[in-house]
Amino acid sequence: MAQADSHFYEPAAGHGLPHDPFNAIVGPRPIGWVSTHDGQGVRNLAPYSFFNGFNYTPPIVGFSSIGWKDSVRNIAATKEFVWNLATRPLAEQMNASCASVPPEVDEFALAGLTPVASRVIGAPRVLESPVNFECRLTQLVPLQNVAGHEVGAWLVLGEVVAVHIDRALLKDGVYDTAGGQPILRGGGPADYFGITPEQLFKMRRPG
C-alpha cells in the first residue's frame, strides 16, 4: 500500500530537501572511533559514522571512509586498527578527533586523550574508552555504484582479535549496553543520540 503523502526522490537527481535525509533515516548508527598508526610511530584517531558489526564468529567489524583518509592509508599499510567505544563522557573528545588536520598531527594529543599499547597488535587504544576492539584487516573494498564505477569510498573490514572491556560494565557477566553510555550518530548536521536504561525493551525470537 502506497503512502498517502510521501516525499519521493531519486538520489541521483537530488533530494530537494535542506539536508540529505539518508544519514538520518539509516540511524542512529554506532560510531567507528578508529585508532591507527602509520608504521613509523605517528598515531591517528578518527570517528566514522558508517560503522557496524558484520559477523559473530569470527567477530568482524567494519567502517566506510568517504575518501582515502589517513585511517585507511594507515590500515592499508599496517593491516590493523583499533575500534574504541565513543561514550557520552567522551563526546567532546570524539568530536575534536574529527578535525581536518595534516597526517603528522596526533589526534590523541589534539583531543586530550591517552594512547595506550594494545595487547595483540601495534595500533594504540584510547585509554579513556571503556571498550576497545583490536582488529586485523580482512578486506579493503573500494565501493562502486550500479554502473560499476568506483565512488571514492572504501569499506574497511577487520577481524576482532582482542577485546578490552571495563569490568564495571559486566553485570553478572553480561555486558551492560546502557551502562557504557554509547553515543550514536543520527544524521542531520549535528545530531547524536544516547542509549539509556529507560529505552530498553525485550523481545524473544519466535520458535
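The values are calculated or read from the model by the stated rules, or taken from the named source; none is laboratory data. Quantities reported herein were computed from a predicted structural model and do not represent experimental measurements. We place every Cβ from the backbone using ideal geometry, glycine too, and count neighbours over all the protein chains shown.
The table below lists the values:
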| read-out | value |
| --- | --- |
| Unmet requirement for GLU107, which otherwise passes all of (1) out of contact with any strand residue (DSSP E or B) (no Cβ under 7 Å at 6 or more places or on another chain); (2) crowded, with 16+ Cβ neighbours inside 10 Å; (3) acidic (Asp, Glu) | (1) |
| Flag for VAL120 being out of contact with any Gly (no Cβ under 8 Å at 6 or more places or on another chain), more than 20 Å from GLY180 (Cα to Cα), modelled with pLDDT of 95 or more and assigned to a loop (DSSP other than H, G, I, E, B) | yes |
| Any hit, the range 28-42, residues being out of contact with any Asp or Glu (no Cβ under 9 Å at 6 or more places or on another chain), among the small types (Gly, Ala, Ser), closer than 30 Å to SER6 by Cα and modelled with pLDDT of 95 or more | no |
| Selection count, the range 78-100, where residues are of a type in the set (S, T, N, Q), surrounded by fewer than 18 Cβ atoms within 10 Å (Cβ to Cβ) and in a loop (DSSP other than H, G, I, E, B) | 1 |
| Among the candidates GLN139, GLN144, residue that is without any contact (Cβ under 8 Å) to a residue 12 or more places away in the chain and surrounded by 10 or more Cβ atoms within 10 Å (Cβ to Cβ) | GLN144 |
| When residues of the range 157-187 are limited to those that are in contact with a helix residue (DSSP H, G or I) (Cβ under 7 Å, 6 or more places away or on another chain) and of a type in the set (A, V, I, L, M), the one nearest to ILE25 (Cα to Cα) | ILE183 |
| Residue count for the range 45-68, restricted to those that are over 14 Å from the mean Cα position of the chain (by Cα) and either part of a strand (DSSP E or B) or without any contact (Cβ under 8 Å) to a residue 60 or more places away in the chain (or both) | 3 |
| Qualifying residue in the range 15-26 (condition: within 23 Å of GLY186 (Cα to Cα), crowded, with 16+ Cβ neighbours inside 10 Å, in contact (Cβ under 8 Å) with a residue 40 or more places away in the chain and of a type in the set (Gly, Ala, Ser)) | no |
